[in-house]
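Student: After the structure tokens below, expect a handful of questions from me.
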Amino acid sequence: MGTTINPFGKDIIIVEAEFCGRPLSLEVGRIGFRTSASVIVRYGDTTVLGTAMVAEKPVAGFDYFPLSIDYEEKMYAAGKISGSRFIKREGRPSDEAVLIGRLIDRPIRPLWPKGYRHEVQGVASVLSLDPNFRPDAIAMIAMSTAFMLSGAPFEGPVASVRVGLKDGKPAAFLPIETMNSNDLDLVVAGTEAAIMMVEAGANEVSEEQVAAALTWAHEAIQPAIQLQKELLAKVNIKTQEYQLTLPDDDIQKQVDEWILGKLGENLRKPYPERHDLVTTLRKTMHDHFEQALGAEAYASIHQEYDNAFTAALHKDVRKGIIEEGVRPDGRQPDEIRQLSSEVAILPRAHGSSLFTRGITQGMNIVTLAPLSYAQIVDTMEREGERRYMHHYNAPGYTVGEIKRLGSPGRREIGHGYLAERALTAVLPTEEEFPYTIRSVTEIMSQNGSTSMAATCSSCLALMDAGVPLKAPVSGIAMGLMKEGDKVVILSDIADAEDFAGDMDFKVTGTAQGITALQMDMKVHGLSVDILKQALLQGRKGRAKILEHMLQTLPAPREALSPYAPRIEKIMINPEKIRDVIGKGGETINKIIAETGAEIDIRDGGLVMVAATDKKSIDAAIEWIKHLTAEPEVGKVYENCRVVKLMDFGAFVEIMPGHEGLVHVSEMSDKRVERPSDILKEGDHVTVKLVAIDDRGRLVLSMKQAKG
């Protein structure tokens with residue numbers, strides 16, 4: 001096999017440990033010589049390369065941490081070539097790759113020190129894919145290890161595990177086939193001490209069962225965390241020298257003193273009144289210090305004073321909630337903003353709704369189409385079709401900004417997927433409802449938790465479209481403020497609480513249980529006990545929102561929109577599919593052209609015929625039945641063509657591809673000497689199928705057809 005020599009004379013170091021039933025290995029020194037750090041992680045047959053690049057100097061003028069993390073799917077990792085006829089190399093990341101990139105980013109980003117402005121890039125590349133489990137959790141371990149090896153001030157390590165249920169109990173890295181039908185698909189990431197991130201889809205699983213799975217998962221990731229520490233102890237890491245860009249203490253003190261007495265109760269107003277008061281107060285502060293310091297001097301430090309004002313505002317929000325139990329808009333911790341909703345707001349849409357909570361507002365539009373319109377999925381991990389899609393859009397005007405319109409970013413893809421996952425568990429099967437479903441949420445106004453507005457508006461629009469959901473779904477975003485031992489959990493967080501808070505925990509579900517979860521931390525993790533409290537408080541909030549939704553529309557409509565396609569199903573003998581399709585598709589294309597219906601045929605013989613009017617459907621179905629019908633003993637067939645005359649009888653075609661013999665004795669009640677006495681080829685007659693003999697031959701009678 002050969003050997004790899006490290007050009008720097010360093011050893012290749014490998015550490016290995018048992019992790020959830022398989023050996024997990026971390027290797028450095030073999031590849032990636034010019035990266036800040038690189039590591040190869042192996043688990044089963046999955047191999048992931050994690051690379052980290054860290055800039056030596058901070059980026060001047062940045063008021064945020066320039067971190068980017070990407071997840072690279074390689075088709076060769078799965079032994080595949082893309083099924084596209086035109087593009088064979090990897091290009092734009094699939095939505096799935098974007099979502100996994102976000103998944104890795106979310107627990108890692110909070111573990112860098114505030115004020116760190118060095119540009120950091122992480123790339124997790126899947127080089128080999130074990131088809132027995134998904135590789136995203138292994139990619140997260142690779143990314144954490146690379147950052148730890150870089151010498152940058154990353155406060156990890158982090159590890160992750162994907163959990164399902166086996167015999168009702170949590171289990172890790174279950175086969176993909178098992179996970180596709182599992183009641184719980186949960187990804188948990190955390191440090192040695194606490195949970196940092198949660199992502200889940202579920203089939204109405206209880207809050208208690210989810211909490212138990214969180215506890216199990218946090219214990220399960222510990223070997224992967226300890227293995228990273230073991231590797232670090234064996235590698236000579238050069239610690240990076242860095243300088244944090246922190247607010248000027250003197251400026252913060254000046255702003256705090258000036259703002260004293262102007263916050264608190266003065267700003268505890270609902271939106272937009274609070275927003276207007278804050279905007280006015282911010283401008284007054286800038287005017288004050290500009291006059292005190294001089295316009296020219298102040299221009300160079302304007303942003304620092306603005307940041308100090310924002311910091312003071314966040315401290316005031318936290319103080320009001322933790323010390324007084326009052327939120328920025330005056331609500332109590334478990335109080336939900338004002339709700340309103342309506343359905344059928346767009347006359348030509350198959351289903352539509354408008355859901356408003358506070359000033360967060362989502363409009364949803366549902367479109368139905370035949371199953372042939374399902375999206376083709378062709379990724380490293382998956383190939384197949386996707387019949388339900390939820391897309392999320394949030395232009396700049398929804399936050400009062402001017403922004404160039406463009407393709408959806410990571411946030412839009414992530415929010416759309418969360419809302420999609422929230423409803424997937426309650427969708428009818430293809431057999432129950434043979435439609436492709438596209439749900440689009442157009443956010444109209446933002447002030448916190450738009451993904452949950454997308455969930456609620458999508459549910460209402462699906463019911464308005466007549467999609468027979470198993471149960472309605474609502475969603476809520478939970479927040480948290482923690483100071484020492486004091487913890488306050490907030491229901492239905494708005495922007496001010498999100499920006500100043502420690503957690504964003506989104507929960508969706510039915511009256512029976514949870515269908516989706518997404519949790520992000522802004523602190524160094526939380527205990528399962530706190531997360532369980534948030535889940536239970538969220539259940540009450542979801543129930544209240546669901547009660548409101550059902551007042552607007554209590555159940556899915558029984559009838560579809562008159563503009564939605566109608567779909568009827570028939571089963572045919574799979575061996576007859578070629579008769580319907582015809583040579584080169586000639587027959588099926590003729591049916592479609594002449595009837596106006598759309599036809600989708602599955603390998604098992606299920607034929608779905610769609611059109612906006614029943615007349616087209618009936619005509620297409622009748623045509624298909626005629627092409628695929630099987631002879632029935634005892635049935636009378638009219639207008640059948642005489643194909644050939646013989647001395648002993650006539651061969652008659654009762655349907656395409658099916659001929660039978662009318663014996664001369666069965667042609668008439670009277671004696672017939674020769675068939676040609678009463679028939680000629682090309683005549684049309686009525687016959688009865690009397691029998692099918694043991695060789696499959698049809699026995700016909702003209703005489704018995706008259707009786």
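Student: Tell me, yes or no, whether the range 106-122 has at least one residue that is within 30 Å of GLU385 (Cα to Cα) and β-branched (Val, Ile, Thr). Give the steps one after another, and end with the answer.
Tutor: So the first thing to find is which residues in the range 106-122 are within 30 Å of GLU385 (Cα to Cα), and the list is 106.
Add one more test, that the residue is β-branched (Val, Ile, Thr), and what stays is none.
Among the residues of the range 106-122, not one is within 30 Å of GLU385 (Cα to Cα) and β-branched (Val, Ile, Thr), which makes the answer no.
Student: Only one of (1) modelled with pLDDT under 90; (2) under 23 Å from ALA224 (Cβ atoms); (3) of a type in the set (D, E, K, R) is not met by LYS80, so which one is it?
Tutor: Answer for LYS80: the failing condition is (2).
Student: Of a type outside the set (Ser, Thr, Tyr) and in a loop (DSSP other than H, G, I, E, B): does that describe MET363?
Tutor: Details: of a type outside the set (Ser, Thr, Tyr): yes; in a loop (DSSP other than H, G, I, E, B): no.
When the stated conditions are applied, MET363 does not pass them.
Student: Restricting the search to the range 201-219, which residues are in a helix (DSSP H, G or I) and not hydroxyl-bearing (Ser, Thr, Tyr)? Before you say what the answer is, go through the steps one by one.
Tutor: First pass over the range 201-219, keeping only residues in a helix (DSSP H, G or I): 207-219.
GLU207, GLU208, GLN209, VAL210, ALA211, ALA212, ALA213, LEU214, TRP216, ALA217, HIS218, GLU219 - these are the residues of the range 201-219 that are in a helix (DSSP H, G or I) and not hydroxyl-bearing (Ser, Thr, Tyr).
Student: Check whether at least one residue in the range 476-484 is among the acidic types (Asp, Glu), crowded, with 24+ Cβ neighbours inside 10 Å, in the same structural domain as MET363 (by TED's automatic domain parsing) and over 28 Å from VAL426 (Cα atoms), and report yes or no.
Tutor: From the range 476-484, those among the acidic types (Asp, Glu) are 483; that's our starting set.
Remaining after also requiring crowded, with 24+ Cβ neighbours inside 10 Å: none.
Scanning the range 476-484 turns up no residue that is among the acidic types (Asp, Glu), crowded, with 24+ Cβ neighbours inside 10 Å, in the same structural domain as MET363 (by TED's automatic domain parsing) and over 28 Å from VAL426 (Cα atoms).
Student: Checking the structure you have, find out if any residue of the range 455-462 is in the same structural domain as ASP498 (by TED's automatic domain parsing), surrounded by fewer than 21 Cβ atoms within 10 Å (Cβ to Cβ) and touching a strand residue (DSSP E or B) at 6+ places or on another chain (Cβ under 7 Å). I'd like the intermediate steps shown before the answer.
Tutor: Narrowing the range 455-462 to residues in the same structural domain as ASP498 (by TED's automatic domain parsing): 455-462.
Okay, now just the ones that are also surrounded by fewer than 21 Cβ atoms within 10 Å (Cβ to Cβ), so none.
No.
Student: Could you check, for the range 220-227, whether at least one of its residues is in contact with a helix residue (DSSP H, G or I) (Cβ under 8 Å, 6 or more places away or on another chain), buried (at least 18 other Cβ atoms within 10 Å of the Cβ) and in a helix (DSSP H, G or I)?
Tutor: Here is the first cut: in the range 220-227, the ones in contact with a helix residue (DSSP H, G or I) (Cβ under 8 Å, 6 or more places away or on another chain) are 224.
In the following step, the residues that additionally are buried (at least 18 other Cβ atoms within 10 Å of the Cβ) were identified as 224.
So of that shortlist, the ones also in a helix (DSSP H, G or I) come out as 224.
Yes, the conditions are met somewhere in the range 220-227.
Student: Out of all the residues in the range 7-51, which are under 34 Å from the mean Cα position of the chain (by Cα), among the β-branched types (Val, Ile, Thr) and assigned to a strand (DSSP E or B)?
Tutor: VAL39, ILE40, VAL41, THR46, THR47, VAL48, THR51
Student: Then there is this: List pairs: first in the range 29-58 and under 18 Å from LYS234 (Cβ atoms), second of a type in the set (D, E, K, R), Cβ under 8 Å, 6+ apart or cross-chain?
Tutor: GLY29/LYS10; GLY29/ASP11; VAL39/GLU27; ILE40/GLU27; ILE40/ARG30; VAL41/GLU27; ARG42/GLU27
Student: Conditions: (1) crowded, with 17+ Cβ neighbours inside 10 Å; (2) farther than 28 Å from PRO58 by Cα. TYR242 meets all but one. Number of the miss?
Tutor: (2)
Student: Would the range 401-418 turn up any residue that is part of a helix (DSSP H, G or I), among the aliphatic types (A, V, I, L, M) and either touching a Lys or Arg at 6+ places or on another chain (Cβ under 7 Å) or more than 23 Å from ALA496 (Cα to Cα) (or both)?
Tutor: Applying the first criterion (part of a helix (DSSP H, G or I)) to the range 401-418 yields 410-418.
Filter again for among the aliphatic types (A, V, I, L, M), leaving 413, 418.
Filter once more, keeping what is either touching a Lys or Arg at 6+ places or on another chain (Cβ under 7 Å) or more than 23 Å from ALA496 (Cα to Cα) (or both): 413, 418.
Checked the range 401-418: at least one residue is part of a helix (DSSP H, G or I), among the aliphatic types (A, V, I, L, M) and either touching a Lys or Arg at 6+ places or on another chain (Cβ under 7 Å) or more than 23 Å from ALA496 (Cα to Cα) (or both).
Student: Do you know which residues across the range 119-135 are touching a Leu at 6+ places or on another chain (Cβ under 6 Å) and within 17 Å of PRO157 (Cβ to Cβ)?
Tutor: VAL120
Student: Criterion first (among the β-branched types (Val, Ile, Thr) and over 27 Å from GLY50 (Cα atoms)) does THR178 satisfy it? Let's see the steps before the verdict.
Tutor: Working: among the β-branched types (Val, Ile, Thr): yes; over 27 Å from GLY50 (Cα atoms): yes.
Yes.
The values are calculated or read from the model by the stated rules, or taken from the named source; none is laboratory data. Keep in mind that what you see is a predicted model, and the values were worked out from it rather than measured. Ideal geometry is used to build each Cβ from the backbone, glycine not excepted, and the neighbour counts take in all protein chains shown.
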